[in-house]
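Structure record follows, encoded as structure tokens.
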Amino acid sequence: MPKWEDNVRKVIPYTPGEQPKISNIIKLNTNENPYPPSPLVKEAIDMSDGDILRKYPDPSSAVLVEAIARHYGVAPERVFVGVGSDDVLAMCFITFFASGRPILFPDITYSFYDVWADLFRIPYETKKLDEDFRIINRDYYPENGGIIIANPNAPTGVLKPLDEVEDIVRHNTDVVVIVDEAYIDFEEGEDGKIPADSALNILDKYENLLVVNTFSKSRSLAGMRIGFAIGSPDMIRYLNDAKYSFNSYTMNRTAIAAGAAAVEDQAYFARHLGMIKATRRRIGKELRELGFSFNDSQSNFLFVTHRSVPAKELFTALHEAKIIVRYFDKPRIDNYLRITIGTDEEMDTLVAFLKEYLRDR
Ligand SMILES: *Cc1c(COP(=O)(O)O)cnc(C)c1O
């Protein structure tokens, strides 16, 4: 190795799901929303005078911050926005996990957490989920440098009841606890309302709690890259200090306008969440009849295992049939497939293929 390479920061990057270049595939591998965003989004991206591209954006993204604050009924000082929740979470890791003590998160969870920890030299310990992929609360009681959990968890789809989340927050008031709620909008309940198990419901009680969410899944804007965090004004100030020390203009003008418009269209949001939940219930039943089992999912995907056919084999067969799902070649989950809930038509094609395949098998 040449000498200069000794001085390089070396990281093993996160591996995102495949984004195939070919068309006419059924893409159920990265939990994108199968429906387009609200029509208000297209209207908001006004290209007529070129200003939206020519001018620098508002570094505070005020229009978007205020729209999110209004939607959740919180003060704008409690909202931070970023380029997807990946950017928001990376800022959180840099900002809040600086103690030098190990941070804690589950062994099976969003696989970006350990990547950021490594990148930012943050020590961490993973805690084993139980046999049913549930978080064991007492694992999170010992002294630590901070905690991050995804709820519902990825890639399992398992939702942790709010009282159990609160128990973790209450046992850790001297560190920041981050709840990544990328999938919470898909929880069963009244469509488009703040879900019953969202940690937003207990935010006023805990200064050390930060809730992160994204427009990528429930608001059909993965391509726009919009994420946000809601917490105490002090926390948000610390996050903004880190952000402005890095890049003043993270959110571009199209993203700010598109995000604000998406939040305004509450009726559209509620209707499409309802459609995805209905498809999830229907397809869940069909998959069980085909011999699949899975935990109850409160997300826009199902994490399934088959009673006799290995997941890897099914993944390959589906791939050849141009149906792309996600397979993780990792301990404990290497016999599972994560299948995004697509449109009814897409899911019917998936079920028809599996029916055929499993009959010949
Ligand atoms: C998808 C996802 C994110 C990141 O979403 P962005 O597209 O970066 O907003 C964060 N956390 C979890 C658990 C996710 O599944």
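When you filter the chymotrypsin sites (Phe, Trp or Tyr not before Pro) in region 170-262 for DSSP loop state and at most 15 other Cβ atoms inside 10 Å of their Cβ, you are left with PHE246, TYR249. Applying the criteria of a DSSP loop state and at most 12 other Cβ atoms within 10 Å to the chymotrypsin sites (Phe, Trp or Tyr not before Pro) of region 58-94 yields no site. Taking a straight Cα-Cα cut-off under 25 Å and skipping sequence neighbours fewer than 8 places away in the same chain, the lysines within cross-link reach of LYS193 are LYS42, LYS160, LYS205, LYS217, LYS277.
Taking N as the residue count of region 267-322, its C-alpha radius of gyration divided by 2.2 N^0.38 Å amounts to 1.33. Taking every DSSP beta bridge that has both ends in the chain, the antiparallel portion is near 50%.
Under the shape rule built on the C-alpha gyration tensor, where the axes satisfy a ≥ b ≥ c, region 45-199 is prolate, since a/c reaches at least 1.5 and a/b is greater than b/c.
For the chain, a simple Cβ point-charge model (Lys and Arg +1, Asp and Glu -1, everything else neutral) yields a dipole of about 700 debye relative to the Cα centre.
Placing unit charges on the Cβ atoms of the charged side chains and taking the dipole of the chain about its Cα centre, the candidate lying farthest along the positive direction among ILE226, SER245, GLY291 is GLY291. Between MET47 and THR15, the simple spin-label model (points 7 angstrom out along Cα→Cβ) gives 3.6 nm. Entry note, the chain: the mean residue ellipticity at 222 nm calculated from DSSP H runs of n ≥ 4, each adding -39500 (n - 2.57), is -10500 deg cm²/dmol after division by the residues and rounding to the nearest 500. For region 219-328, the list of trypsin sites (Lys or Arg not before Pro) that fall in a loop by DSSP and count at most 14 other C-beta atoms within 10 angstrom reads ARG307. Averaging Cα coordinates gives a centre for region 330-349 and one for region 121-143; these two points are 26 Å apart. Using the Cα coordinates of the chain, the gyration tensor eigenvalues translate into equivalent-ellipsoid semi-axes of 31, 26, 22 Å, sorted from longest to shortest. Full extension of the segment from GLU125 to ASP296, taken as 0.36 nm per residue of separation minus the current Cα-Cα distance, would add 58.9 nm.
Each reported figure results from applying straightforward, stated rules to the coordinates on display, with no laboratory input. If you're wondering where the values come from, they're calculated on a predicted model, not measured in any experiment. Cβ atoms come from the backbone with ideal geometry, glycine included; neighbour counts cover every protein chain shown.
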